[in-house]
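Structure first, commentary second.
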Amino acid sequence: MRNEGWSPSPEVRAPAKHISISAGKTRRAVDQTRYRPHEQAPTIPEFTPYRACDPVPRLIPSAAANASRLGLRKAEPFVGGAEAGMGTSSQRLRPRAQGRAYPMRKHTRHATLVVRQGRA
């Protein structure tokens, strides 16, 4: 069955993968840019003192460039969604006494910004 006349709202995603920062810190940095115009969004994480805010300003120009390639007008796009999810985890061995070793898991996160056109 087809939905005639239905068109999804235009949105563009820009992912940042394998960020080695905890989920809470990444989510806190990404949440600051949600529902902001794409001109204003990069300046907010730049002036916050969190290390997790470093990859977020690089995502916003990437998402805006993707949006302009798909035909969204430059004045209207805003950051409609921002999410931080689980990434891969690598496992290393931590040496211990008498030849033993314990696994040490290094978790990563994926951050995704969604740029939409017009306020929904």
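Please give the FRET efficiency for Glu46 paired with Leu93, using the beta carbon to beta carbon distance and R0 = 30 Å, rounded to the nearest 0.05.
Values: r = 38 Å, r/R0 = 1.27.
Efficiency, rounded to the nearest 0.05: 0.20.
Surface calculation, 1.4 Å probe, protein heavy atoms: Lys17 sits at approximately 130 Å² accessible. Enumerate the residues in the range 89-120 having an amide nitrogen under 20 Å from the point lying 7 Å beyond the Cα of Asn66 toward its Cβ. Counting only backbone N, you get 108-120. Spacing of the modelled spin labels on Ala23 and Arg100, each 7 Å from Cα toward Cβ, amounts to 2.9 nm.
Any idea what the dipole of the range 11-117 comes to, in debye rounded to 20, about its Cα centre with Lys/Arg Cβ at +1 and Asp/Glu Cβ at -1?
On the way: 20 positive and 7 negative charges, 142 e Å.
The calculated dipole for the range 11-117 is roughly 680 debye.
Roughly speaking, what is the stretch gain from Glu83 to His110, that is 0.36 nm per residue apart minus the C-alpha to C-alpha distance, in nm to one decimal? Walk me through the numbers on the way to the answer.
Working: separation 27, 0.36 × 27 = 9.72 nm, distance 0.82 nm.
Length gained between Glu83 and His110: 8.9 nm.
If you compute semi-axes √(5λ) of the Cα gyration tensor in Å for the structure shown, which of (1) 22, 16, 13; (2) 36, 18, 10; (3) 25, 18, 16 do you land on? Structure-derived value, by its label: (2).
Take Met86: with every protein chain present and a 1.4 Å probe, its accessible area is about 130 Å².
Angle of helix 56-69 to the longest C-alpha principal axis of the chain, folded into 0 to 90 degrees and rounded to 10: 40°.
The values are calculated or read from the model by the stated rules, or taken from the named source; none is laboratory data. Since this is a predicted model, take the numbers as computed values, not measurements. Every residue, glycine among them, receives a Cβ derived from its backbone with ideal geometry; neighbour counts consider all protein chains shown. Accessible surface is based on the protein model in full, side chains and every heavy atom, while ligands, DNA and RNA are left aside. Shrake-Rupley method; radii C 1.70, N 1.55, O 1.52, S 1.80 Å.
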